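One structure below.
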Amino acid sequence: MNRKIKTINTREVNLTVQVENTFLHSKYYPLKEGIKFIELNEKFYKNKDLVMVYGLGLGYHINELLKRCNDSCKIFIFDADKEILNIAANLGKLAVIKKDKRVKIFDRYSQEFLQNFVKVAQMVEDILIYKPSVKVLSDEYLELKNILQDYNVAKIAVEGFSQVMNENYIHNLKLKVPGIKEFFNKINIKGEKVIIVAAGPSLDYNINTLKKLDKNIKIFSVGRSLGILMENGIKPDVITIMDAQEIVVEQLRGYEDLGIPLCFLSTASRWAVSNYMGPKYMFYNSGNEDDIIINTGKTVAVATLDIAIKGGAKEIIFVGQDLGFLDGKRHAGVINNVLDDGVYKKVLSVNNSMINTNDGYMYFKRQIEKEIRENPKVRFVNCSKGARIKGTVEMELEKVL
């Protein structure tokens, strides 16, 4: 789709760009806005040897950044938007930036561009993202847009709980519980079917079928699903938690003596971990050479999936993994709690209808699909009623079992 793009004069004479209904810079004071943006994001460049930025725009914020970085700092700037880059170049807005010896610009979108983006991201503590540059990207750059949005979602999740996660880690480490390698020695799922039960609304539809389940099929439950399963007489084989907050205690309340394995991320809620009296196994998502690293994708759904994959399951069945809202509900076992106010995104469901979702769920969806792509020898079956998950076979749970 061709975007409507036009340059507009502003009150301070400096130009701005309007893409459809979005302004790339302030419609009144683009230079002042660029200066303010850099002032408010000092942590990204102060005393840094490497700085990574996505989004050149017309360069107002970049010129201010260059003034504030030290002479030895290396600044990597990524921008894939050809149309905007051409407008900026034709207006002479990038000349000073390109001449600066500290700057390396990546502006030719390709797989190499994406590879360089990931490579540089691993070299820096954080990425300074100029969000308007992301917002105006066309669908031609969908993969990049997803990467940038996913980064922001993951970043928000970590930043919001970084202190409590560190405190949890220190506490959980002192417990000296076995790691996930020991869990695999105790729970044998090699060549087996595993059902992963998430807490999406469609779990309510499958509860009666799960009651009839062959006991040879293992059930891996995320923490939020545990209460619903137990209330219906369904005892899972494994529980997984990774959220850092104290409120996770409520997911396990009344089931602390259940006696089934609890697998928890090293930074998971110390309150929930301490209260649980059954067997416990701690897993890591990075940096532990003595154990198997579990990919979490910043969500317990992916962590549970990766545990099942690394345990050797031959078939993984998703139940309640809706990645969207059904019947006005966010989770199973609750009354309608989602307002249909038109602010949600839409995603194609397994029933070929469009359902409401949000950025967080779309991030989780891409992380799950990445796991599926990377494990072609495992059969994945989606028995949920929400969003389609690429790489899965869609079936009714009764037929799978």
Hey, does region 137-147 have a residue that's surrounded by 13 or more Cβ atoms within 10 Å (Cβ to Cβ), acidic (Asp, Glu) and over 30 Å from Val378 (Cβ atoms)?
yes
Give me the pairs: first residue in region 269-286 and under 18 Å from Phe161 (Cα atoms), second residue part of a loop (DSSP other than H, G, I, E, B) and of a type outside the set (S, T, N, Q), beta-carbon distance under 8 Å, and six or more apart or on different chains, which are they?
Ser269/Asp243; Ser269/Ala244; Val273/Leu175; Tyr284/Asp291; Tyr284/Ile294; Asn285/Ile294
Looking only at region 134-150, count every residue that is in contact with a strand residue (DSSP E or B) (Cβ under 9 Å, 6 or more places away or on another chain), aliphatic (A, V, I, L, M) and more than 14 Å from Leu85 (Cβ to Cβ) and tell me the total.
2
Residue identified as in a loop (DSSP other than H, G, I, E, B) and either in the same structural domain as Asp359 (by TED's automatic domain parsing) or surrounded by fewer than 24 Cβ atoms within 10 Å (Cβ to Cβ) (or both) among Ala303, Ala268
Ala268
Residue pairs within 7 Å by beta carbon, gap of at least six or interchain, first lying in region 85-113 and without any contact (Cβ under 8 Å) to a residue 60 or more places away in the chain, second acidic (Asp, Glu) and surrounded by 11 or more Cβ atoms within 10 Å (Cβ to Cβ), listed first then second, are Leu85/Asp79; Leu85/Asp107; Asp107/Asp79
Taking strands (runs of 3 or more DSSP E) that fall entirely within region 27-108, which contain at least 3 residues that are surrounded by fewer than 21 Cβ atoms within 10 Å (Cβ to Cβ)?
103-106
Being in contact (Cβ under 8 Å) with a residue 60 or more places away in the chain and farther than 16 Å from Ala303 by Cα narrows it down to one of Ile170, Ile195, Ile147, Ile217, so name that one.
Ile217
Residue hits (region 98-107; in contact with a strand residue (DSSP E or B) (Cβ under 6 Å, 6 or more places away or on another chain) and over 15 Å from Lys82 (Cα atoms)) are Arg102, Val103, Lys104
Single residue of region 109-119 satisfying the filter (surrounded by fewer than 18 Cβ atoms within 10 Å (Cβ to Cβ) and under 22 Å from Lys43 (Cα atoms)) that is modelled with the lowest pLDDT:
Val118
Quick one: in region 241-273, of everything that is among the small types (Gly, Ala, Ser) and over 26 Å from the mean Cα position of the chain (by Cα), which residue is modelled with the lowest pLDDT?
Gly259
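The values are calculated or read from the model by the stated rules, or taken from the named source; none is laboratory data. In this text, all values refer to a predicted model and were calculated from it rather than measured experimentally. As a convention, Cβ positions derive from the backbone with ideal geometry for all residues, glycine included, and neighbour counts pool all protein chains shown.
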